[in-house]
Amino acid sequence: MKRILLPLVVTILGVSCAGDDGIPVYRQSGRSVDERVEDLLRRMTLEEKILQLNQYIVGLNTNVNNIGREIEEVPAGIGSVIYFSDNVALRNELQRKAVEETRLGIPVLFGFDVIHGFRTIYPIPLAQGCSWNPSLVETLCRTAAREARLSGTDWTFSPMIDVSRDARWGRVAECYGEDPYCNAVMGVASVRGYQGEDLYLTERIAACAKHYVGYGLSQGGRDYTSTDVSMQSLWDTYLPPYKACVEAGVETVMSAFNDINGVPATANAALLTDILKRRWGHAGFVVSDWNAVEQLVAQGYARDRKEAALRAFTAGVEMDMKDDCYRAYFPELLDEGKITQRQIDEAVSRILRLKFRLGLFERPYTDSLPEAERVLAPEALQAAEQLAGESMVLLKNDGVLPLSGVDDIAVIGPMARDRFHLLGSWRCHGRAEDAQTLYEGLEQEFGSGVSLHYAPGCDFDGSDRSGFARARQLAARCDVVILCLGERAEWSGENASRSTIALPEIQQELVEALSTCGKPLVVVLSNGRPLDLHRMEPLASAMLEIWQPGLRGGSAMAGILSGRVNPSGRLCMTFPRSTGQIPIFYNSRSSARPDQGHYQDISNTPLYEFGYGLSYSKFVYGELSADTDRISAHEPFTVRVDVTNESDVDGYETVHWYVTDPCCSITRPVKELRYFEKRLIPAGATETFTFRVVPERDLAYVDSEGNPLLEAGEFRIGVKDRSLTLNLE
Ligand code: BGC
């Protein structure tokens, strides 16, 4: 009898055996992900492995006639693509090429920027931060994940958790504001919403925490610049949201564009490998930002693309987004011994692991469902409206709101009938035609009993004042003016910095022109950053910040104006008095001379501070109390406060719990948000809010190497203007 040589040959070649039933191990869904990855890796050639480490672009072209060509241009064995289309057939065609025309049939991973919705666009992240409602944020991310997965996207480049304190930077729109804790909580809520408990064969998608790290510190708010940040600030401010997302199981992380203290984030081994992977144990992979590997040359950190590939890869970036440096140079770098097979295997395993976890080997294709079954479900739109309402911040109200007893409303301003700009930047597959205008929201809200009269007044910018006269006439004839102002969508987001955060002169002048008509002026603002409002604030009877609220901003805004919705948004980013006050944020460190060093021309305080926002209810805070007066490092304790709604309107209140450590071996911010809770307080009722303090988590701090530090002595725990002093023994 002949000896069976095959298994022996297979072993000698280092190729693993097929399973008992002849199916390769990596194709057996019952095997563990690690077994499958190990088996597949052993079967792959070097070229196949290297392809997995690259991400190409597909779908910018919406012309169906070119689909064939577009697919031809992408190598069948590519690791991932950024998929700009929601065309399921195109996606499946590309996937078919990977699955059927390659030796091992490894599916492609389809990624895209699903930032605040896929087709059901909800408020921008900066607005979401102001809702202080992480569970609603989680719900909306789940909705976005579903729409995305059913339309062929497996992976989103979200959440962005770059703590940002410079409103000139257009990307403040994409994060959750100036506070590390708020970014951490909202980031984790997003990760949970996108990924759920299990990615396998579900309607969830992989998340990506970005941009690691310090990108929010771009100099002067100019995008892509270098950042100079102390290790202390990195550890106490910029890294915590990432650590929280890693602990929550975020599948991937994106490296940032910026240079950090002389080493670009995309080639920063200390941050990517030592901290992210070794210290925090991130088991997923890191993708570079768009062209960021090649940009190491522009940043002066690599002589050429080849060296850039070497630097990024050895620092810990597993996937090269878009610029093809890895594919082009890895064979040479391997031959030269600058990178090793082992490093490549490790990187490829991280990427394959996600593909297995997503169930892509079992379900590579996307079912072709009718649009109505994939996107814009009524409950998704309803949740988008709720989040829009909860994220809007009432900045001023002299009593004109909620509106009552009005018969004629003048609706004026460039934003009033706009659909597009309300969606903001990164609108994914959102369409202006799906959006409700502010005017339509008002029409629906006020019905036939009230007459609306519209005039644009002016454009978003420019110098055409010819519409002012008509706007003034209208204002004079009506009972109240609703003036809808703001920013074009492209004025915030990536590569959208502004040297001043005031609205353009023409919009300011329109406010001035209307303020002398003798009618209450309700200013509604839609924008992607905090604004300098010092000039219009004294002229307005009320100001409502609605951000870029998405598809259902119109009804949410109108609901607040009518009183159907009681405003509950609170700022997650400070509104300075002027651009020159930047940077200004609540959690700065104490001045050496608090009574001096002020600006000579304006106050040192902001116009609207972090946590600020008005309600139609009146909330009165009681005294704080703790369940102990002796606290120790290892024993949690509880602090409580009663909040009474002394009004006849039910309202949501967010209690922000701050910790102050007045003296520490490393100076600490004047106060730090450690916990928050938002709850409905019925009219006339009192609710007790509690904060379970875990000293090692909530009172501790980190040093410049990331080591926690908890020192005995005095601590203050505060809410609003109340605080309680406790002594840690
Ligand atoms: C942005 C990222 C984004 C990527 C892919 C880059 O320019 O900085 O935030 O995820 O493009 O679209």
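The values are calculated or read from the model by the stated rules, or taken from the named source; none is laboratory data. Just so we're clear, the structure is a prediction, and the values are computed from it rather than from any experiment. So basically every Cβ, Gly included, is an ideal-geometry build from the backbone, and we count neighbours across all protein chains shown. Quick note on the areas: whole protein, heavy atoms, side chains included, nothing else; ligands and nucleic acids left out. Shrake-Rupley method; radii C 1.70, N 1.55, O 1.52, S 1.80 Å.
Test of the criteria: in the range 434-500, which trypsin sites (Lys or Arg not before Pro) are in a DSSP loop and have at most 15 other Cβ atoms within 10 angstrom of their Cβ?
Here the trypsin sites (Lys or Arg not before Pro) that fit, given the DSSP loop and packing criteria, are ARG465.
At a 1.4 Å probe, what is the % contribution of carbon and sulfur to the accessible area of the range 383-581?
The C+S portion of the solvent-accessible surface of the range 383-581 is 43 percent.
Sorted by mean Cβ packing within 10 Å, highest first, what order do the peptides 123-132, 221-230 take?
Result, highest mean Cβ count within 10 Å first: 123-132, 221-230.
Give me the 1.4 Å probe accessible area per residue for the range 619-728, excluding ligands and nucleic acids, in Å².
Heavy-atom SASA per residue in the range 619-728 reads 47 Å².
With unit charges on the beta carbons (Lys and Arg positive, Asp and Glu negative) and the dipole taken about the Cα centre of the chain, which residue among TYR658, LEU624, SER164 sits farthest to the positive side?
After comparing all options, I get SER164.
Hey, what did the chain get for relative contact order, percent, Cα under 8 Å, at least 6 apart?
Computed over the chain, the figure is 13 percent.
With charges only on Cβ, +1 for K and R and -1 for D and E, what is the dipole size of the range 383-581 about its Cα centre, in debye, rounded to 20?
Computed about the Cα centre, the dipole is about 180 debye.
Students often check this: by mean Cβ neighbours within 10 Å, which of 292-301, 96-105 ranks highest, and how do the rest follow?
Highest to lowest by the protection proxy: 292-301, 96-105.
With charges only on Cβ, +1 for K and R and -1 for D and E, what is the dipole size of the range 561-661 about its Cα centre, in debye, rounded to 20?
Using only the charged Cβ atoms, the result is roughly 440 debye.
Excluding PRO370 itself, what net charge comes from residues whose Cβ is under 14 Å from its Cβ, given Lys and Arg +1 and Asp and Glu -1?
With Lys, Arg at +1 and Asp, Glu at -1, the net is -3.
Determine the sum of side-chain charges near ALA502: Lys and Arg each +1, Asp and Glu each -1, restricted to other residues whose C-beta is under 10 angstrom from that of ALA502.
0
Round to the nearest 10 and give me the degree value, 0 to 90, for the angle of helix 505-515's Cα axis relative to the longest principal axis of the chain.
Taking the Cα atoms of the chain, the angle to 505-515 is about 30 degrees.
Take every DSSP beta bridge with both residues inside the range 383-581 and express the antiparallel ones as a percent of the total, to the nearest 5.
So the antiparallel bridges in the range 383-581 amount to around 15 percent.
Would you mind telling me the share, in percent, of accessible area of the range 118-176 contributed by carbon and sulfur at probe 1.4 angstrom?
40
Please enumerate, by chain and number, the aspartates and glutamates with C-alpha under 12 Å from the C-alpha of LYS97, excluding those fewer than 8 residues away in the same chain.
The qualifying aspartates and glutamates are GLU72, GLU73.
Could you tell me the accessible area of ASP113 in Å² (1.4 Å probe, neighbours in place), rounded to the nearest ten?
20
Relative contact order of the range 414-490: what whole-number percent is it, with Cα pairs under 8 angstrom and at least 6 residues apart?
After rounding, I find 41 percent.
Per the helix-only calculation at 222 nm, which mean residue ellipticity applies to the chain, given -39500 (n - 2.57) for every DSSP H run of n ≥ 4 and division by its residues, nearest 500 deg cm²/dmol?
Here the helix-only value at 222 nm equals -8000 deg cm²/dmol.
Assign unit charges at the C-beta atoms only (+1 for Lys and Arg, -1 for Asp and Glu), then state the dipole size of the chain relative to its Cα centre in Debye, rounded to the nearest 20.
Dipole of the chain, to the nearest 20 debye: 920 debye.
Once each part is reduced to its C-alpha centroid, what is the distance from the range 367-433 to the range 458-536 in angstrom?
What the calculation gives is 18 Å, centre to centre.
Over the range 327-408, what per residue volume does the convex hull of the Cα atoms give, in whole Å³?
For the range 327-408, the hull spanned by Cα atoms encloses 293 Å³ per residue.
Suppose all protein chains stay in the model; what accessible area per residue would a 1.4 Å probe give for the range 383-581, in Å²?
Per residue, the range 383-581 has an accessible area of 31 Å².
Past 27 Å, Cα to Cα: identify those pairs from LYS277/LYS678; LYS277/LYS720; LYS277/LYS322; LYS243/LYS396, in the order given.
LYS277/LYS678; LYS277/LYS720; LYS243/LYS396
If you take the square roots of the eigenvalues of the alpha-carbon gyration tensor of the range 383-581 and sort them as a ≥ b ≥ c, do you get rounded (a/c under 1.5), prolate (a/b over b/c) or oblate?
The shape class here is rounded.
What does the accessible area of ARG42 come to, in Å² to the nearest 10, when a probe of 1.4 Å is used?
110
Provide the net charge surrounding ILE275, with neighbours chosen by a C-beta distance below 15 Å and charges set as Lys +1, Arg +1, Asp -1, Glu -1.
Counting the neighbours of ILE275, the net charge comes to -1.
In Å and whole numbers, how far do the C-alpha atoms of the range 619-728 stretch along each principal axis, longest first?
Sorted largest first, the three principal extents are 50, 26, 19 Å.
Hey, rough spin-label estimate for HIS534 and GLN382, points 7 angstrom out along Cα→Cβ, what's it come to in nanometres?
It is 4.6 nm.
Among the DSSP beta bridges whose two residues both lie in the range 619-728, what percent are antiparallel, rounded to the nearest 5?
DSSP beta bridges in the range 619-728 are roughly 95 percent antiparallel.
Out of TRP155, GLY111, TRP132, whose Cα points farthest toward the positive end of the dipole of the range 108-174 (charges: +1 Lys, Arg; -1 Asp, Glu; placed on Cβ)?
Value: TRP132.
Taking N as the number of residues in the chain, what value does Rg over Cα atoms divided by 2.2 N^0.38 Å take?
Rg over 2.2 N^0.38 Å, computed on Cα atoms: 1.01.
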